[in-house]
Amino acid sequence: SQELEQSPQSLIVQEGKNLTINCTSSKTLYGLYWYKQKYGEGLIFLMMLQKGGEEKSHEKITAKLDEKKQQSSLHITASQPSHAGIYLCGADPSGSNYKLTFGKGTLLTVNP
Amino acid sequence: DTAVSQTPKYLVTQMGNDKSIKCEQNLGHDTMYWYKQDSKKFLKIMFSYNNKELIINETVPNRFSPKSPDKAHLNLHINSLELGDSAVYFCASSQGALYNEQFFGPGTRLTVL
């Protein structure tokens, strides 16, 4: 079964700093999803990457999928306290989209 | 105008009891899911339903029985609750397969005493 490794497990940054979260797969990814979860809440969809080398941005968050489609990174520029939460990468292991396998998450704390 | 809603938000019960969690989506999606997030925040798929039919069952104990009365609802019934069932359960929905975003509900925090 496909496993997703996220790094780091947790991250504490000062407001205004840039940061990167990585997600590595043991197998080729058919689709790579980034979600954000705030404590006690559901998951909020951020971005989905499908093609090797693809890059997407939304506001100050940029996600990339490498050419081999086995690693993705999520980069936040000029972090703000509102960026704090748990970031989860999820992947579609079979191309069916009938289930997502998730990494264990990265807990991001942004200190004002 | 909540997209995916779950009830209850919190559920505290004794070991051995039977309980249900309800999920409804008003997005017109044809696929719904149940995920379990354990104390270490690890999120794992349990079931997925497409057009009221079971598509995925990820080796979940028989004590867990999902029921989809229509495309907008996917309920989760749990028999003989055990301590290890304590977790946050998330419902989600999407439109079909292939690279479509899954919309998640707010979660139900189940505590088994």
Original post:
By its C-alpha gyration tensor, with a ≥ b ≥ c as the square roots of the eigenvalues, how is segment A:22-61 shaped: rounded for a/c under 1.5, else prolate for a/b larger than b/c, else oblate?
Top reply: oblate
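With the contact rule set at Cα under 8 Å and sequence spacing of 6 or more, what percent relative contact order holds for chain A?
Numbers: 298 pairs, mean separation 40.7, N = 112.
Over chain A, the number comes to 36 percent.
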Original post:
Which is farthest toward the positive dipole end of chain B among B:Gln37, B:Val4, B:Phe103, measuring Cα position about the Cα centre, with Cβ charges +1 (Lys, Arg) and -1 (Asp, Glu)?
Top reply: B:Gln37
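Please compute the contact order of segment B:58-113 in relative form: average sequence separation of alpha-carbon pairs under 8 Å and at least six residues apart, divided by the residue count, as a percent. Present the calculation step by step, with values, prior to reporting the outcome.
Details: 67 pairs, mean separation 16.2, N = 56.
The normalised contact order for segment B:58-113 reaches 29 percent.
Before anything else, pin down the relative contact order of chain B: Cα pairs under 8 Å, at least 6 apart, normalised by residue count, whole percent. Mind dumping the intermediate values first?
Values: 287 pairs, mean separation 41.3, N = 113.
Computed value for chain B: 37 percent relative contact order.
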**OP:** Name the residues whose placed amide hydrogens come within less than 5 Å of the amide hydrogen of A:Gly105, ignoring near sequence neighbours (fewer than 5 apart) on the same chain.
**Re:** A:Gln6, A:Cys89
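Based on the Kirkwood radius over alpha-carbon pairs, what is the Stokes-Einstein translational diffusion coefficient of segment A:2-80 at 25 °C with 0.890 mPa s viscosity, in µm²/s? Please report the intermediate quantities before stating the final value.
On the way: Rh = 13.2 Å.
In µm²/s, the coefficient is 186.
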**OP:** Please list the non-local residues whose amide H lies under 5 Å from the amide H of B:Asn17, H modeled 1.01 Å from N, same-chain partners needing a gap of 5 or more.
**Re:** B:Leu81
Original post:
In terms of modelled amide H atoms, which long-range or inter-chain residues lie less than 5 Å from the amide H of A:Lys69?
Top reply: A:Gly53
Subject >> Cleavage-rule hits, GluC sites (Glu not before Pro), segment B:14-107, DSSP coil, Cβ neighbours within 10 Å at most 14 >> reply: B:Glu82
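What is the interface area between chains B and A, defined as buried accessible area summed over both chains with a 1.4 Å probe, reported in Å² to the nearest 100? The partial results should precede the final answer.
On the way: alone 6540 and 6460 Å², together 10870 Å².
Answer for the B-A pair: about 2100 Å² buried.
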**OP:** Determine the alpha carbon to alpha carbon distance for each of A:Lys27/B:Lys71; A:Lys64/A:Lys104; A:Lys69/B:Lys9 and list only those over 27 Å.
**Re:** A:Lys27/B:Lys71; A:Lys69/B:Lys9
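Using R₀ = 25 Å, calculate the FRET efficiency as 1/(1 + (r/R₀)^6) where r is the Cβ-Cβ separation of A:Glu5 and B:Gln95; round to 0.05.
Values: r = 30 Å, r/R0 = 1.18.
Given R0 = 25 Å and the Cβ-Cβ separation, E is 0.25.
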Original post:
So for the pair A:Ser26, B:Leu54, with labels modelled 7 Å out along Cα→Cβ, what separation do we get in nm?
Top reply: 2.6 nm
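Suppose the chain between B:Thr111 and B:Arg63 were pulled fully straight at 0.36 nm per residue; how much longer would it get relative to their current alpha carbon spacing?
Numbers: separation 48, 0.36 × 48 = 17.28 nm, distance 1.62 nm.
My answer for the length gained is 15.7 nm.
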**OP:** Obtain the nm distance between the two label points defined at A:Ser82 and B:His73 by a simple spin-label model: each point lies 7 Å from its Cα along the Cα-to-C-beta direction.
**Re:** 3.7 nm
Original post:
In sequence order, what are the phi-derived ³J(HN,Hα) couplings for segment B:36-52 according to the Karplus relation 6.51 cos²θ - 1.76 cosθ + 1.60 with θ = phi - 60°, rounded to whole Hz, with x for glycine and proline?
Top reply: 10, 10, 7, 5, 8, 6, 7, 9, 10, 5, 10, 9, 9, 10, 10, 6, 6
Original post:
Per the Debye formula with a single identical scatterer at each Cα and no solvent contribution, what log10 I(q)/I(0) holds for the protein assembly as shown at q = 0.08, 0.13, 0.16 Å⁻¹?
Top reply: -0.29, -0.75, -1.10
Original post:
When the accessible area of segment A:13-111 is split by element with a 1.4 Å probe, what percent falls to carbon and sulfur?
Top reply: 48 percent
Original post:
Which whole-Hz couplings ³J(HN,Hα) result when phi for each residue of segment B:3-17 is put into the Karplus expression 6.51 cos²θ - 1.76 cosθ + 1.60, θ = phi - 60°, listed in order with x for Gly and Pro?
Top reply: 6, 10, 10, 10, 9, x, 7, 10, 9, 10, 8, 8, 4, x, 6
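Kirkwood hydrodynamic radius, segment B:1-104, all distinct C-alpha pairs: what's the number in Å? It would help to have the intermediate numbers written out before the result.
Details: mean 1/r = 0.0718 Å⁻¹.
Kirkwood hydrodynamic radius for segment B:1-104: 13.9 Å.
The values are calculated or read from the model by the stated rules, or taken from the named source; none is laboratory data. Because the structure is a prediction, the values reported are computed rather than measured. Neighbour counts run over all protein chains shown; Cβ positions are idealised from the backbone, glycine included. In case anyone asks, the SASA skips ligands and DNA or RNA and just uses the protein heavy atoms, side chains included. Shrake-Rupley method; radii C 1.70, N 1.55, O 1.52, S 1.80 Å.
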